[in-house]
């Protein structure tokens, strides 16, 4: 004799519990992904800034010319607005405007959830001499990226040798004390 097996489905309680468990796990995963994405975007901002300064230093050394790095206005003059596209150009006459050779490279570093500000005593530009050293006075940039509950902050300082060094805010509160005691903070968190 043949015995037929009964097809067994899910009860309403089992289905409800399964869906509740899936929604809890999905919400936990979404929360952790948001933090990871915000952290990755901030790391990209810092790394792209390093690449930009390395490209400017490379241009100065290989073209054997004074090279300026800054955001440019519509009139091709350096301005202190680092959330705009940033340009690298030869500046033989040191007028903070691109020479006839034009702009070597333009890169946009900012995103809607980040703020990049300069600490250049109002100059708004950095320069490299033909030997790759920083030309004139040094300066720094502050990179801030906003997350849901935390602000990621990095301090990027250009040294006399033409290289950037980076310090990071460890507690993600948007404020940090530099090694020599100066307190800095994100000017406006996104």
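Rounded to the nearest 5, what % of the DSSP beta bridges within the range 35-185 are antiparallel ones? Provide the component values of the computation, followed by the final result.
Values: 35 of 36 bridges.
Expressed as a percentage, antiparallel bridges in the range 35-185 total about 95.
Against the chain, whose longest principal axis comes from its Cα atoms, helix 12-63 is set at around 10 degrees.
Report note on the peptides 86-93, 178-185: ranked by the mean count of other C-beta atoms within 10 Å, highest first, their order is 86-93, 178-185.
Let me have the 222 nm mean residue ellipticity of the chain computed from DSSP H runs of 4+ only, each contributing -39500 (n - 2.57), with the sum over all residues rounded to the nearest 500. Please report the intermediate quantities before stating the final value.
On the way: 1 runs with 52 residues, N = 190.
Theoretical 222 nm ellipticity from helices: -10500 deg cm²/dmol.
For the chain, calculate the relative contact order in percent as a whole number, restricting contacts to Cα pairs under 8 Å that are 6 or more residues apart. Display every interim value, and only then the final one.
Numbers: 341 pairs, mean separation 32.6, N = 190.
Averaging sequence separation for qualifying contacts and normalising by length gives 17 percent for the chain.
The label-point distance for residue 44 and residue 103, in a model that sets each label 7 Å from Cα toward Cβ, rounds to 2.1 nm. Calculated FRET efficiency, residue 178 to residue 19, Cβ-Cβ distance, R0 = 45 Å: about 0.30 to the nearest 0.05.
Which translational diffusion coefficient, to the nearest whole µm²/s, is obtained for the chain from the Stokes-Einstein equation, given a Kirkwood hydrodynamic radius over C-alpha pairs, 4 °C and 1.567 mPa s?
Details: Rh = 19.3 Å.
For these conditions, the coefficient is 67 µm²/s.
Residues 64, 170, ranked from the fewest to the most other C-beta atoms within 10 Å, line up as 170, 64. Once the Cβ-Cβ distance of residue 33 and residue 55 is raised to the sixth power relative to R0 = 35 Å, the FRET efficiency obtained is 0.65.
Just so you know, all these numbers are worked out from the coordinates, no wet-lab data involved. Every value quoted in this text rests on a predicted model; they were computed, and no experiment measured them. Note that we place each Cβ from the backbone using ideal geometry, even for glycine, and neighbour counts take in every protein chain shown.
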